[in-house]
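> Below you will find the structure I want to go over with you.
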Amino acid sequence: MNTIIRPLQTPDHKNTGRASNADCVPTRKPHYDCQEKDNALQVVIYVPGVDSSGVEITTRGPDLLVTARKTHFVRVNFNALNLEGVQQDYRLSLRLGRGLDYTALEAEIHDGVLTLRIPKKQAVAFPARGELSRVA
């Protein structure tokens, strides 16, 4: 009987040798809730098992990226418990737009609940039509 051994990489996937650390580690998307307040956006992210030292918040243009790493305990009977899915870290990517002031972001974590408060940018007030002056 012949055995067919499939290659580890598909032909479409090219190995560039530049895999980032974030791409190698399996993560899962946490539950979250967004609430729009008068002058800010409040994002509540549920990340049980994560403390403040494991949270990384980055922004790229209109995107908010939150990575929350759990504290991993090494157990003697790790294989018997099948804890691979439970011990995965969290990664959340949200496109919130450019109307928020990400530099004034405030974050707080308590009992596995990460609360982010992102203030809205102040609207630019344009002068009234009668106040405009002629330039040319």
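> From the residues in region 111-136 that are β-branched (Val, Ile, Thr) and modelled with pLDDT of 90 or more, which one is nearest to Ala68 (Cα to Cα)?
Val113
Matching residues to (1) at pLDDT 85 or above; (2) part of a loop (DSSP other than H, G, I, E, B):
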residue: Val43; (1), (2): yes, no
residue: Ile57; (1), (2): yes, no
residue: Thr71; (1), (2): no, yes
residue: Val86; (1), (2): no, yes
residue: Arg98; (1), (2): yes, yes
residue: Ile109; (1), (2): yes, no
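> Are any residues in region 51-66 closer than 19 Å to Arg117 by Cβ and in contact with a Lys or Arg (Cβ under 7 Å, 6 or more places away or on another chain), and if so, which ones?
Pro62, Asp63
The values are calculated or read from the model by the stated rules, or taken from the named source; none is laboratory data. Predicted model, so just to flag it, every value in this text is computed and none were measured. Please note: Cβ atoms are built from the backbone with ideal geometry, for glycine as well, and neighbour counts cover all protein chains shown.
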